[in-house]
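The values are calculated or read from the model by the stated rules, or taken from the named source; none is laboratory data. The structure displayed is predicted, hence computed values, not measured ones. Counting neighbours? That spans all protein chains shown, and the Cβs are built from the backbone with ideal geometry, glycine included.
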Amino acid sequence: MNAEVTKYPGLRPLPPDFAREYPPLALVVEDKCIACDRCPPLCFFDALIMETRPRHKFKRTAVVIPDNCTGCGLCFEACPVDAFVWEPDNAGGKGPLHPTEKTERDLGV
Amino acid sequence: MMSLRTEFLGMQLQSPVMIASGPASHDVNQVRLAQEQNAGAVVLKTACSDKFVHMRSWPRPRYKLLDWDKQIEGRSKTFSLYSYEQGYSGTLEDYWEFIRVSKKHASIPVIGSIFADDVNDWVELAKQVEQCGADALELDISSPHRPGSLGFETTFVAAISGVVKSVKIPVLVKLGPGADVLHQCLAAQENGASAVTLCNRLRGFDVDIESQKPILHGYFAGVGGPWAKYYTMRHVAEAAQSVSIPISATSGIMSGEDVIKYILLGASTVQILSVIMVNGWDSVQRINREIAEYIQRKNLTSLEDIRGKALKAMTSPDDIIRWSGESKRGPRNFWDEGFEK
């Protein structure tokens, strides 16, 4: 296990400085998915559906629709087998909005 | 379901359970879902003025569910929602369209929610919300994620009175928990607010001991959960005894039982959100059903019969009956005679 790996599953495969470099989206590792149906109803953004996979151990798997995914992290929390990983959002491509400026303004107490 | 009917600020709600402003009210589809689930009303996600344009972008990820028992089929009882939530993610134009379309597709009342700092911005946003057809307006002056340190006295009192004077729809003021909440309720009432929403989540913090760093993004985040109901109940009880405007209670509602408790303490309606997150959208219907069962079991005609009833049985600290341990017979401590260590 990598020393950088943290306890919280939502932050598990986290590259260094990920928030600045990659605004990530969720991605299901289909081999790990146990088709428990927990994540699709949890997703507030209709970004998770169950799809049939005839060769899958459970015949079905959860799939993320990247266009809808906001990377909010709820499905990471819900997954009992940690089948989610972060994937850089290549489609959006904009990256986080002015990271340094945002932090300063948010901190501007 | 007829017995769940509640009148709130002149609106006829099919249930006292409303959807709170948040990720469950960010989209027209969710308004439709809320209506299908027989929610009383929907408070839309808070829109920020253009000055806070950075609050339309969300950090990823922005939610953590701490200490979640992860039960399936809507049976989760404990969790803490730890999140760095931001405002409505579209532009103000998108938000106005969002209200219009929601109103067109929903028969349940739609309540707009706004945040700004300058009084003129507040009034401008409030007028737009009214024009777009929202049934009421909530001023989100207490978000745990709000930027800067805008003071209640310096900024928000002026905002409340300014907004109240310029719109005709009812104005709710959403307050945060804390020592000032009663004082703020009174100020909101004095300045003409139609109702108060108690309470927002608190700003909290958590650390991961393995990485020895704060979790999520390293900054304070909003924290709430079922445990938050206990202090909110106290705030609701205090407010209900001091203000005459209706109270919409929100915090830690997991079941119909919690709703009944808030109603017994004088709340008119309740707002739920995180229970939907962990237990699904049908939580709304389940909560409605549990309230209906209670009404039937207690032979009530409506929730109006029990509103504020528990407050009448409240005592003051002076009236609490006390006994002295010494005057009791028998050992009081294990080292007293008769008790082996």
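Would you say A:ALA26 is surrounded by 15 or more Cβ atoms within 10 Å (Cβ to Cβ), within 17 Å of B:TRP58 (Cβ to Cβ) and among the small types (Gly, Ala, Ser)?
So A:ALA26 fits the description; yes.
Going by the conditions given, is B:GLY162 part of a loop (DSSP other than H, G, I, E, B) and at pLDDT 90 or above?
no
Restricting to region B:32-59, and then to whatever is aliphatic (A, V, I, L, M) and closer than 16 Å to B:LYS103 by Cα, can you tell me which residue is surrounded by the fewest Cβ atoms within 10 Å (Cβ to Cβ)?
Residue satisfying both the conditions and the ranking: B:LEU33.
Please tell me if B:TYR294 is over 16 Å from the mean Cα position of the chain (by Cα) and without any contact (Cβ under 8 Å) to a residue 40 or more places away in the chain.
So B:TYR294 passes the test.
Report, by residue number, each residue of region B:292-321 that is more than 26 Å from B:SER242 (Cβ to Cβ) and in a helix (DSSP H, G or I).
Once the filter is applied, which keeps residues that are more than 26 Å from B:SER242 (Cβ to Cβ) and in a helix (DSSP H, G or I), region B:292-321 yields B:ALA292, B:GLU293, B:TYR294, B:ILE295, B:GLN296, B:ARG297.
Considering only region B:168-183, how many residues are out of contact with any Cys (no Cβ under 9 Å at 6 or more places or on another chain), of a type outside the set (A, V, I, L, M, F, W, C) and in a loop (DSSP other than H, G, I, E, B)?
Selection size over region B:168-183: 3.
Give me the pairs, please: first residue somewhere in region B:94-117 and over 19 Å from B:LYS174 (Cα atoms) and aliphatic (A, V, I, L, M), second residue anywhere and outside any loop (DSSP other than H, G, I, E, B) and modelled with pLDDT under 90, beta-carbon distance under 6 Å, and either six or more positions apart or on two chains.
Sorted first by the residue in region B:94-117, then by its partner, the pairs are B:VAL101/B:VAL28.
Give me the residue from region B:203-236 that is of a type outside the set (Gly, Ala, Ser) and on the phi > 0 side of the Ramachandran plot and, out of that set, nearest to the other protein chains (Cβ to nearest Cβ).
Step one: list which residues in region B:203-236 are of a type outside the set (Gly, Ala, Ser), which gives B:203, B:205-210, B:212-217, B:219-220, B:223, B:226-227, B:229-236.
The next check asks that each one be on the phi > 0 side of the Ramachandran plot; those that pass are B:212, B:216.
Working: B:GLN212: 10, B:LEU216: 8 Å.
Looking at the filtered set, the residue picked out is B:LEU216.
Criterion first (surrounded by 19 or more Cβ atoms within 10 Å (Cβ to Cβ), assigned to a loop (DSSP other than H, G, I, E, B) and without any contact (Cβ under 8 Å) to a residue 60 or more places away in the chain) does B:ALA193 satisfy it?
yes
Would you pick out the residues in region B:254-291 that are assigned to a helix (DSSP H, G or I), polar (S, T, N, Q) and farther than 19 Å from B:ILE72 by Cβ?
Matches in region B:254-291: B:ASN288 only.
Taking the options B:SER49, B:SER89, B:SER107, B:SER3, name whichever one is in contact with a Leu (Cβ under 7 Å, 6 or more places away or on another chain) and over 22 Å from B:VAL275 (Cα atoms).
Going through B:SER49, B:SER89, B:SER107, B:SER3 in turn, just one is in contact with a Leu (Cβ under 7 Å, 6 or more places away or on another chain) and over 22 Å from B:VAL275 (Cα atoms): B:SER49.
Which residues, taken from region B:142-154, are over 17 Å from B:THR232 (Cα atoms) and crowded, with 18+ Cβ neighbours inside 10 Å?
Within region B:142-154, B:HIS145, B:ARG146, B:PRO147, B:PHE152 qualify.
Could you please find all residues in region B:44-59 being assigned to a loop (DSSP other than H, G, I, E, B) and facing another protein chain (nearest Cβ under 10 Å)?
Within region B:44-59, B:SER57, B:TRP58, B:PRO59 qualify.
Just to be sure I understand the filter: pairs with C-beta atoms under 7 Å, separated by 6 or more residues or on different chains, first member in region B:1-23 and more than 20 Å from B:SER255 (Cβ to Cβ), second member among the hydroxyl-bearing types (Ser, Thr, Tyr). Which pairs pass?
B:ARG5/B:SER302; B:PHE8/B:SER268; B:PHE8/B:THR269; B:LEU9/B:SER194; B:SER21/B:THR46; B:SER21/B:SER113
Given the conditions (1) among the charged types (D, E, K, R); (2) within 11 Å of chain A (Cβ to nearest Cβ); (3) surrounded by fewer than 21 Cβ atoms within 10 Å (Cβ to Cβ); (4) under 18 Å from A:LEU74 (Cα atoms), which single one is not true for B:ARG62?
(3)
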